[in-house]
1. Arranged by the count of other C-beta atoms within 10 angstrom, fewest first, what order do 84, 105, 54 take?
2. Using a Förster distance of 25 Å, how high is the FRET efficiency between residue 9 and residue 151, based on the Cβ-Cβ distance and rounded to 0.05?
3. What is the log10 of I(q)/I(0) for the stretch 2-144, computed with the Debye formula using one identical point scatterer on each Cα and no solvent, at q = 0.09, 0.15 Å⁻¹?
4. Residue 74 to residue 105: FRET efficiency via 1/(1 + (r/R0)^6), r the Cβ-Cβ distance, R0 30 Å, to the nearest 0.05?
5. If R₀ is 22 angstrom, what is the calculated FRET efficiency for the pair residue 137 and residue 98, using the beta carbon separation as r and rounding to 0.05?
6. Kindly put 107, 78 in sequence by how many other C-beta atoms sit within 10 Å of each C-beta, fewest to most.
7. When the Kirkwood hydrodynamic radius is evaluated over all pairs of different C-alpha atoms of the stretch 29-75, what value in angstrom, to one decimal, is obtained?
8. Please order 11, 20 by the number of other Cβ within 10 Å, starting at the fewest.
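Only the coordinates and a few stated rules stand behind these numbers; no lab work does. What you see is a predicted model; the values in this text were computed from it and never measured. So basically every Cβ, Gly included, is an ideal-geometry build from the backbone, and we count neighbours across all protein chains shown.
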Amino acid sequence: MTVELTVRVFYTFRKWSGLYFWSVLITTWGVTLHAIGFILKICVPSCNWIFSTVLAEIGWVSMVSGFSVVLYSRLHLVVRNPRVLQLVLAMIITDAFLFHVPTIVFVGSTIILEIKSRCHLDDSANILNSNLAPVRNQRIKNISGSWDLWSAFKWQDSPSRK
């Protein structure tokens, strides 16, 4: 499906540049890398678990942040206030530093501890991710809420309502 979507993106876009184009591609491939990393970790016991974990983390970061950037890149179509756009971008960047960096450091240190102690600490990363999930979900709700508000105001001002 990722290859199909990639071909579709290259076929649909006239210019292969811009924030929307690249964020769609990165998000698409991030979903795939995340899934491949977990499939390797769970279904292929002979696969190096460090490789599968790193692959899943790269996919996770590009998928989560990429989706927010996809929403942000289209937000200027409905929100004309530059201050709101700057605040949304600041929220995405702040979220990346506050939540992606610690998660990556945590997973990296877990890998190092597992190599040195020869034990598996997979549950600790799951606990951290489950605690950060509501924060990431709120960011997506804030961005998509801007779309909903715009749609409601546009519908309220439509000539057919008067």
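1. The most exposed by this proxy come first: 105, 84, 54.
2. Efficiency, from the Cβ-Cβ distance: 0.50.
3. -0.34, -0.85
4. Efficiency at R0 = 30 Å is approximately 0.45.
5. E(calc), rounded to 0.05, equals 0.90.
6. 78, 107
7. Value: 10.9 Å, from the Cα pair sum.
8. On the way: 11 7, 20 15.
Fewest-to-most ranking of 11, 20: 11, 20.
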